[in-house]
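What follows is a short report on a single structure.
The values are calculated or read from the model by the stated rules, or taken from the named source; none is laboratory data. Computed from a prediction, not measured in an experiment: that's the story for all the values here. We place every Cβ from the backbone using ideal geometry, glycine too, and count neighbours over all the protein chains shown. We work out accessible area using only protein heavy atoms, side chains counted, and drop any ligands, DNA or RNA first. Shrake-Rupley method; radii C 1.70, N 1.55, O 1.52, S 1.80 Å.
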Amino acid sequence: MAEVSDSKQIRGYCMYDWGKSAFETSVTTAILPAWFAYLFLEANGISIDTMFGTMNSDTFWAWSVTGGALLVAIISPALGVIADRTKIKKRMLKLLTYLGAGSTFLLAAAPLFPISFQWVWLFVMFLFANVGLNGAGVFYNALLPHQGPESEMDSISNKAYAYGYLGGGLLLVVHLGLVMGVPGDWVIPFCMASSGLWWFGFAIWTFATVPEPEIENPVEGLNLDSASKLAIKELKVTIKDWQSFRTLFIYMLAYFFFIDGINSVTALAGAFGIAVLGLSMTDLILTIVAIQFVAFPAAFFFTLLADRTTTKKALIVALIGWCVIIVGALSFAPLELEKHDQYDFQFDWSTDHYEVRMLDHDALGDGDSDRAIESDFGHFLPTEEGGVGNATDVEVSDFIAFLGDTRFSASVNGSNSNDEQLTVIGIDHPTSLGDGKLDAIPSVARDNIWGPLGISVTMQFLLLGCMAGLLLGGSQGLARSLFGKMVPETRSTEFFGFFGFFGKVAALIGPMMYGIMSTIYDSRVAVASLSILIIAGTVMMAFVDVEDGIAVAKAADEAARNQTQD
């Protein structure tokens, strides 16, 4: 580790977080899940039948997050060994940034394809972008121990995350303004393209200011074949001799569980909000903006907390908070519809016919029930936004009966309803609760908390999002810095490769668990299952002896340097 820190170099290191966070906020969390869900709905309806069962858009999204981490999880430890023997950390960081930022930019090309292929294009480009992000993360994290002394590790790591929260948040504010205030089909593709450029542009700052670390025990003349053999050989030695780094491996196992739960919650929150809670893209972006600006000062707060106590204790506080977050998420419930103009379809009697209005003119997609509505009832629905259609008593009666098995709601005023309001809520409507395994939780919360206080589902999501931002500011930075303290500098990329491997395999397990549980049961059960991962990781932290881990790392560095001198 560096004996003294260089403020210009540290700032350059942090700017990579500033840049890549545009992908993690605007793309992964805020805009792309909603855009993906919308295009999926347009092409397939509420769900599609696959060989694994019926899948909604959020289930499919969970599987896409899973696939994006698979390749990196397999190759990152071997890449780490090679990077510790040759000066390729920055070169690999650059190449993987080109892949990730380039794929992010190409998300904007989706509208060039037919509607049936647009969601597939997003899926493929998102996979490539995730490979770039996760792969670059291995080498970026491996540079951390070289940026300053051990005493500053918490500060540097949390500062980098703080830069990320602020940088991603600022761009997201711009994107929010565009989505809310600028009409046009070009807005969302522009947000995707600008996120890729933001990532790449600020990464150039990092490339220019952060030097390639010196190698203590370099191996000259490595080619692809010899490098692969060396990587396999040294990985076997490391795994076989794992007891020499027992504390570090116990911590990686704990990290495997808790980071899986945290990353799964953040990666899937957008899809859950759209598909289950019925949030709009604007609602989602507002929440993510709040999270970013809460997380920015929280990162510095947890640095102070770690200084006053220990890094380990501060991290455990954050992990316990994440368990509370998940319990809160289970209680989310849209308020019951009360006003006539809150329903998807609104029928008002006028002398001898009904006037028909739609809450969202573009609500209908290409699913079976949506197509049936267009085919059987489209003749009396409005043909343009803000328009009014005309329907008869019989047509409305048939329509109301049909909506019971859909995701839509309708309200009828007058005529057959004896001048009283007649309403119907489809079984898949966001406000429809009662048939899920855990629906009692949001039902009780809605009846006793959200309803009486008049707290909308948007505000529910926003309030808990702020709490998530507070915890993100501590858990991510402290988890990385704690690992950095226990890693031998001479083998930083190798061990950060394992760190990345555990994190990426974890990134497979959480979304996979969500996908399986939401397919078998429902999305709320899937969210509840994620708490098991965080609880398991938190319990395992009790067995992590940080001081022992630091001592072992220093001894390994000393042995490596003595071997080099001999």
Once ligands and nucleic acids are excluded and a 1.4 Å probe is used, how much of H146 is accessible, expressed in Å² to the nearest 10? 30 Å²
Modelled FRET efficiency - R0 30 Å, S151 with E212, Cβ distances, 0.05 increments: 0.80
Please provide three numbers in whole Å: the alpha-carbon extents of the stretch 318-383 along the principal axes, with the largest listed first. 61, 28, 14
Residue order for K339, K94, K312 - accessible surface, 1.4 angstrom probe, largest first: K339, K94, K312
Given 20 °C, 1.002 mPa s and a Kirkwood radius over Cα pairs, the Stokes-Einstein diffusion coefficient of the stretch 92-131 in µm²/s is 208 µm²/s
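What do you reckon, how do R11, R491 stack up by accessible area (1.4 Å probe), largest on top? Intermediate results must be reported in sequence, preceding the final value.
Working: R11 105, R491 55 Å².
Reading off the accessible areas and sorting them downward yields R11, R491.
Which order do peptides 466-477, 184-195 fall in by mean Cβ count within 10 Å, highest first?
466-477, 184-195
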Taking amide H positions as placed 1.01 Å from N in the peptide plane, with prolines and chain starts having none, which residues 5 or more places from S350, or on another chain, fall under 5 Å of its amide H? E355
Please work out how much accessible surface K437 shows to a 1.4 Å probe, ignoring ligands, DNA and RNA, in Å² rounded to 10. 150 Å²
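What FRET efficiency comes out for L253 versus A555 if R0 is 35 angstrom and r is the Cβ-Cβ distance? Round to the nearest 0.05.
Efficiency at R0 = 35 Å is approximately 0.95.
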Using θ = phi - 60° and the Karplus relation 6.51 cos²θ - 1.76 cosθ + 1.60, list the HN-Hα couplings for the stretch 540-550 in order, rounded to whole Hz, with x at every Gly or Pro. 5, 4, 5, 9, 9, 9, 5, 4, 5, x, 5
What is the distance in Å between the Cα centres of the stretch 101-168 and the stretch 374-448? 41 Å
Contour minus end-to-end for A109 and R91, with contour as 0.36 nm per residue of separation and end-to-end as the Cα-Cα distance? 3.7 nm
Going residue by residue through the stretch 160-168, the Karplus relation 6.51 cos²θ - 1.76 cosθ + 1.60 with θ = phi - 60° gives ³J(HN,Hα) values, rounded to whole Hz and with x marking Gly or Pro, of 4, 5, 4, 4, x, 4, 6, x, x
Can you list residues from other chains, or at least 5 along the same chain, whose modelled amide H is less than 5 Å from the amide H of F345? L359, S409, A410, S411
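Using the Cα gyration tensor of the stretch 100-169, with a ≥ b ≥ c the square roots of its eigenvalues, what is the shape: rounded (a/c below 1.5), prolate (a/b larger than b/c) or oblate (neither)?
Working: a/c = 4.92, a/b = 2.78, b/c = 1.77.
It is prolate, given that a/c is not under 1.5 and a/b is the larger ratio.
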Residue-wise, which Karplus ³J(HN,Hα) couplings in Hz belong to the stretch 303-311, taking 6.51 cos²θ - 1.76 cosθ + 1.60, θ = phi - 60°, and x for glycine or proline? 4, 5, 4, 5, 5, 6, 10, 8, 4
With every protein chain in place, the accessible area of L330 for a 1.4 Å probe, in Å² rounded to the nearest 10, comes to 20 Å²
